[in-house]
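If you scroll down you'll find the structure; I have some questions about it.
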Amino acid sequence: MTSSACLVKLNELLIRLDRSLLQYVGESWPWIDAESQETLDEFNGLIKRQKNDVARLVQVLISNRWAIDFSNYPTDFTDKQFLSLNFLFPQIISVEKFSKSICDETLSCCRDDEAIADLLKQIAANQADGIARLENLLKNRKTAAIASV
């Protein structure tokens with residue numbers, strides 16, 4: 001049986017991922033120029049992958065009969081609607097890095113349950129890859145902006 005301390009941390013991670021700035025921006029229609037559809041497609045792929053990680057956490061919590069708290073988006077996200085994705089990238093990257101640290105903390109708390117530890121390692125790897133992809137998208141957008149001047 002999974003410890004209640006581990007389940008609390010899993011639910012905190014679920015909230016962090018499900019109510020992340022990445023998810024919020026995905027739901028609030030970020031602005032991007034017409035030539036940047038590939039950037040938006042990759043961004044949407046990261047959103048989908050994170051949603052899949054959330055679904056996997058939900059399954060673990062349900063299987064442990066945990067009363068899941070999905071919480072709400074932070075109120076400081078409410079002014080981040082209809083903004084340029086380029087403007088939001090640095091903020092999203094910062095939030096995703098913090099989410100990765102929460103994932104690492106959760107892993108250290110849940111190491112005794114091998115299946116959960118494996119899941120958390122996968123989620124941590126997805127977070128790290130997502131951060132790298134976001135940083136690459138930001139770098140490419142900056143390079144494109146400089147080249148167009």
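The values are calculated or read from the model by the stated rules, or taken from the named source; none is laboratory data. Since this is a predicted model, take the numbers as computed values, not measurements. Neighbour counts run over all protein chains shown; Cβ positions are idealised from the backbone, glycine included.
Please tell me if GLU114 is of a type in the set (D, E, K, R) and closer than 22 Å to SER3 by Cα. Before the answer, list the steps.
Numbers: of a type in the set (D, E, K, R): yes; closer than 22 Å to SER3 by Cα: yes.
So GLU114 passes the test.
Sticking with this structure for a sec: If you check ASP53 against the conditions, is it at pLDDT 95 or above and not hydrophobic (A, V, I, L, M, F, W, C)? Let's see the steps before the verdict.
Numbers: at pLDDT 95 or above: yes; not hydrophobic (A, V, I, L, M, F, W, C): yes.
Answer is yes for this residue.
While we're on this one: With the condition kept exactly as written, say whether any residue in the range 54-61 is touching an Asp or Glu at 6+ places or on another chain (Cβ under 6 Å), outside any loop (DSSP other than H, G, I, E, B), within 17 Å of LEU7 (Cβ to Cβ) and among the β-branched types (Val, Ile, Thr).
Our first condition is that a residue be touching an Asp or Glu at 6+ places or on another chain (Cβ under 6 Å); within the range 54-61, this holds for 54.
Going one step further and asking which of them are outside any loop (DSSP other than H, G, I, E, B), we end up with 54.
Going one step further and asking which of them are within 17 Å of LEU7 (Cβ to Cβ), we end up with 54.
Those left that are additionally among the β-branched types (Val, Ile, Thr): 54.
Yes, there is a match, as at least one residue in the range 54-61 is touching an Asp or Glu at 6+ places or on another chain (Cβ under 6 Å), outside any loop (DSSP other than H, G, I, E, B), within 17 Å of LEU7 (Cβ to Cβ) and among the β-branched types (Val, Ile, Thr).
Pairs under 7 Å by beta carbon, first residue in contact (Cβ under 8 Å) with a residue 60 or more places away in the chain and under 20 Å from GLN122 (Cβ atoms) in the range 32-61, partner β-branched (Val, Ile, Thr) and part of a helix (DSSP H, G or I), six or more apart or different chains?
ASP53/ILE123
Okay, residues lined up against (1) part of a helix (DSSP H, G or I); (2) more than 18 Å from LEU14 (Cα to Cα):
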{"residue": "ASP79", "(1), (2)": "no, yes"}
{"residue": "PHE82", "(1), (2)": "no, yes"}
{"residue": "GLN91", "(1), (2)": "yes, yes"}
{"residue": "CYS103", "(1), (2)": "yes, no"}
{"residue": "ILE116", "(1), (2)": "yes, no"}
{"residue": "LEU119", "(1), (2)": "yes, no"}
{"residue": "ILE123", "(1), (2)": "yes, no"}
{"residue": "GLN127", "(1), (2)": "yes, no"}
{"residue": "ALA132", "(1), (2)": "yes, yes"}
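Taking the residues in the range 64-112 that are of a type in the set (Lys, Arg) and within 13 Å of the chain's Cα centre (by Cα) as candidates, determine which candidate is surrounded by the most Cβ atoms within 10 Å (Cβ to Cβ). So that I can check it myself, show each step before the final result.
First, the residues of the range 64-112 that are of a type in the set (Lys, Arg): 65, 80, 97, 100, 111.
Checking the rest, the ones that are also within 13 Å of the chain's Cα centre (by Cα) come to 97, 100.
On the way: LYS97: 14, LYS100: 19.
Result: LYS100.
Only one residue in SER71, SER99 is assigned to a loop (DSSP other than H, G, I, E, B), among the hydroxyl-bearing types (Ser, Thr, Tyr) and modelled with pLDDT of 95 or more. Which one? Don't jump to the end; show me each part of the working.
Working: SER99 fails: assigned to a loop (DSSP other than H, G, I, E, B).
Going through SER71, SER99 in turn, the sole match is SER71.
So in the range 74-96, with the set limited to residues that are aromatic (Phe, Trp, Tyr) and either at pLDDT 90 or above or in contact with a helix residue (DSSP H, G or I) (Cβ under 9 Å, 6 or more places away or on another chain) (or both), which one is nearest to PHE43 (Cα to Cα)? Talk me through it step by step, then tell me what you get.
Initially, the range 74-96 is screened for residues aromatic (Phe, Trp, Tyr), giving 77, 82, 87, 89.
When the remaining residues are screened for being either at pLDDT 90 or above or in contact with a helix residue (DSSP H, G or I) (Cβ under 9 Å, 6 or more places away or on another chain) (or both), the result is 77, 87, 89.
On the way: PHE77: 18, PHE87: 14, PHE89: 10 Å.
The residue in question is PHE89.
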